[in-house]
Amino acid sequence: MALDQEVALLELFENKAELLPLWLRLRPAIEALGPDVRIRPRERYAEVDRGGEEFLIAEPTSHHRMELGLHNPGLPYTPRFREALEFGSRRITHRVSLPEPNELDDELLARIRGAYELAWEGEPR
């Protein structure tokens with residue numbers, strides 16, 4: 001990733017420094033999914049795609065939490081993995097709030113991996 005993109009990613013955490021440790025745990029977990037993961041800064045969030053297919057967005061909010069949007073079509077909505085109404089692009093189906101770094105648990109990592117795999121394989125039938 002180019003230096004200007006790295007700087008732009010860090011600027012997402014301006015006035016939200018308490019969320020930076022969470023991002024620093026989340027990002028390597030995302031990048032470990034494969035060499036085809038691309039993280040790009042947008043105006044308010046980081047977009048993550050595989051081969052041009054967006055599968056995750058991460059938005060640090062002003063409410064001291066990070067909002068993640070996942071492309072998990074076909075999976076049920078739960079109190080934790082809510083429907084992503086008007087959050088991110090139309091590809092994003094689920095939304096989860098992460099108030100603390102320890103919220104990055106096995107369940108969430110499995111959902112992220114599922115979204116990554118769908119970006120390659122296509123929509124479930």
note = If unit charges are put on Cβ atoms (+1 for Lys and Arg, -1 for Asp and Glu) and the dipole of the chain is taken about its Cα centre, the option from 30, 75, 41 lying farthest towards the positive end turns out to be 75
key: Phi-based couplings in Hz for segment 49-66 (Karplus 6.51, -1.76, 1.60; Gly and Pro marked x)   = 9, 10, x, x, 9, 4, 10, 7, 10, 10, 10, x, 9, 7, 9, 6, 8, 9
remark   = To the nearest 0.05, the calculated FRET efficiency linking residue 14 and residue 36 through their beta-carbon distance, R0 being 35 Å, is 0.75
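Could you provide, to the nearest whole Å², the per residue accessible area of the chain with probe 1.4 Å?
57 Å²
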ask   = Do the sum for the chain: with -39,500 (n - 2.57) for every DSSP H run of n ≥ 4, divided by all residues, what is the mean residue ellipticity at 222 nm, to the nearest 500 deg cm²/dmol?
value = -9500 deg cm²/dmol
query = Among (1) 1.06; (2) 0.93; (3) 1.00, which one is Rg/Rh (Cα atoms, Kirkwood Rh) computed from these coordinates?
reply = (2)
message = Please give the charge dipole size of segment 65-125, origin at the Cα centre, charges +1 on K and R Cβ atoms and -1 on D and E Cβ atoms. Round to the nearest 20 debye.
response = 220 debye
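The values are calculated or read from the model by the stated rules, or taken from the named source; none is laboratory data. Just so it is clear, the structure is predicted and the values come from calculations on it, not from any experiment. Every residue, glycine as well, gets a Cβ built from its backbone with ideal geometry; the counts of neighbours run over all protein chains shown. Quick note on the areas: whole protein, heavy atoms, side chains included, nothing else; ligands and nucleic acids left out. Shrake-Rupley method; radii C 1.70, N 1.55, O 1.52, S 1.80 Å.
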